[in-house]
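Structure, as structure tokens:
Taken together, the values in this text are just the output of simple stated rules run on the coordinates, not laboratory data. Please read these numbers as outputs of a predicted model, since none were measured by experiment. As a convention, Cβ positions derive from the backbone with ideal geometry for all residues, glycine included, and neighbour counts pool all protein chains shown.
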Amino acid sequence: MANSKKVSRREVADQLRNQQKRADKRQGLVIVGVCVLIAVVIIGLAAYRPIKNWWDLREFKNVDISGIGAPASSCQDIITKKATGEQEHVPAGTDIDYKDAPPAFGKHEEVPDTPDRKLYTKDDRPRVEMLVHNLEHGYTIIWYDETIADDDEQMTELQAIARKLKGTNNQRLKFKAVPWLKSDGKAFPDGTHVSITHWSKGGADADGSKQVGVWQYCPKVSGEALYDFMTEYDYFDSPEPNGM
């Protein structure tokens, strides 16, 4: 009888240990499952924006730049102003008080931004003083304000334009799209949120005395306006067209 009780106790103990092992195993599987789920969510969130961008940009794959965004007729007339500042360089990090919003000419940093990057956000944009040097080298720059930056559709259109102008071998692709921040200076004219700028030498046969800054303000992104603008004011129409 004593042995039977001992066996019974042992069996009970074994059962309890087995139950605990199964419980521990289930708990371990639950923890692993939760970790996997969290990892999937994190990966999914990280992948969401690139996937969404790819999906949104598909519609522009076979569309010319002039077919992206608002019509050119929605933009204001092109304006020009006598330009100064050719080869007037300042050390990197030097702040310049540009009177125009945004500048299309003026003193600038010694080194321009590299030609490979076409579209920037507020988190990685080069200094305005550096970008003015790019203008001197024949770039056309689209500056966009916070209204555009906060609009997914508008930013998708800018991305589509930037992709169609990617590359560095053809200097006709001298283009950048960059944000204009409140800290940079005054706002664009009422009702406009995009400014296209160029530093023109004043015509094919003009000398430096005829240089002008060129602006066109638009309420929205307009590939048609940009196409017309870059056709009229190409990279060669600039103070230093051969500079990168």
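Stretch GLU232-LYS122 to full length: gain in nm at 0.36 nm per residue minus the Cα-Cα span?
Value of the extension gain: 36.7 nm.
Subtract the Cα-Cα distance of VAL111 and GLU146 from 0.36 nm times their separation in residues, and report this length gain in nm to one decimal.
Additional length available on full extension: 9.9 nm.
Pop the C-beta distance of LYS186 and SER73 into the FRET formula with R0 = 30 Å and round what comes out to the nearest 0.05.
0.70
For the pairs LYS99/LYS186; LYS164/LYS201; LYS107/LYS166, note any where the Cα-Cα span goes beyond 18 Å.
LYS164/LYS201; LYS107/LYS166
What FRET efficiency do you get for GLN87 and ASN62 if R0 is 30 Å and r is their Cβ-Cβ distance, rounded to the nearest 0.05?
FRET efficiency, GLN87 to ASN62: 0.10.
Classify the stretch 68-232 as rounded, prolate or oblate from the Cα gyration tensor: take a ≥ b ≥ c as the square roots of its eigenvalues, call it rounded if a/c is under 1.5, otherwise prolate when a/b beats b/c and oblate if not.
Here the stretch 68-232 falls in the rounded category.
Using the Cα gyration tensor of the stretch 62-102, with a ≥ b ≥ c the square roots of its eigenvalues, what is the shape: rounded (a/c below 1.5), prolate (a/b larger than b/c) or oblate (neither)?
It comes out prolate by the Cα gyration axes.
What nm distance separates the two modelled labels at LYS99 and GLU153, each placed 7 Å from Cα along Cα→Cβ?
The answer from the label model is 3.9 nm.
Neighbour counts of other C-beta atoms within 10 Å: give me SER209, SER195 arranged from fewest to most.
SER209, SER195
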